[in-house]
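**Q** Take this structure, written in structure tokens, and hold onto it; I'll ask about it next.
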Amino acid sequence: MAKRILFVEDETHIAELYAFVLRKEGYEVDIKGDGAEGLKAAQNGDYELILLDLMLPTMSGLDILHALNDSTKSPNFRTPVVILTNLGEDDATAAEINQYAQGYLLKVDVTPKQLADYVAQNWLGKNSQPKAA
């Protein structure tokens, strides 16, 4: 059974490009185009990894991170989250990301193939174990 990734990204062409390469590597990828849809999918889906943009319609990626890490809103959530964004981080944002997410990548610095390699090497490869939060 293919390992499942949730990709929360509002720019359709970017989401499809990255998802295409991840699917070629054997992953099942679900794409959600706004924050509210992404949060609902993350809370209700059975994913091994979540790739999350910060700038999203309806709800920001940081708001999603807060909701997922709030035991009253997401009591059984244990999925690793990697931020994949073009938004540079200030000190406050960096602190929140480090507290709630397990990784941070800038889209401008990572090709779809590099992302697939990162996912395989760090999260969903045959011999890799998900890193502890």
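**Q** Check off (1) closer than 22 Å to Arg78 by Cα; (2) crowded, with 17+ Cβ neighbours inside 10 Å; (3) of a type outside the set (Gly, Ala, Ser) for Asp34 and give me the number that stays unchecked.
**A** (2)
**Q** Additional query: Taking the condition of being modelled with pLDDT of 90 or more and buried (at least 16 other Cβ atoms within 10 Å of the Cβ), how many residues in region 70-97 meet it?
**A** Looking only at that region, the number is 7.
**Q** Has region 43-55 got any residue that is buried (at least 16 other Cβ atoms within 10 Å of the Cβ), at pLDDT below 90 and not basic (Lys, Arg)?
**A** no
**Q** How about region 40-78: which of its residues are within 10 Å of Leu6 (Cα to Cα) and without any contact (Cβ under 8 Å) to a residue 40 or more places away in the chain?
**A** Selection gives Ala41, Ala42.
**Q** I need the full set of residues from region 38-52 which are out of contact with any Gly (no Cβ under 6 Å at 6 or more places or on another chain) and hydrophobic (A, V, I, L, M, F, W, C), in order please.
**A** Selection gives Leu39, Ala41, Ala42, Leu49, Ile50, Leu51.
**Q** Are any residues in region 11-32 of a type in the set (Asp, Glu) and farther than 21 Å from Asn86 by Cβ, and if so, which ones?
**A** Glu25, Glu28, Asp30
**Q** Follow-up question, since we're still on this one. If you take the residues of region 1-31 that are under 23 Å from Met59 (Cβ atoms) and aliphatic (A, V, I, L, M), which of them is surrounded by the fewest Cβ atoms within 10 Å (Cβ to Cβ)?
**A** Ile14
The values are calculated or read from the model by the stated rules, or taken from the named source; none is laboratory data. What you are looking at is a predicted structure, and each value in this text was computed from that prediction instead of being measured. Note that each Cβ is placed from the backbone with ideal geometry, even for glycine, and that neighbours are counted across all protein chains shown.
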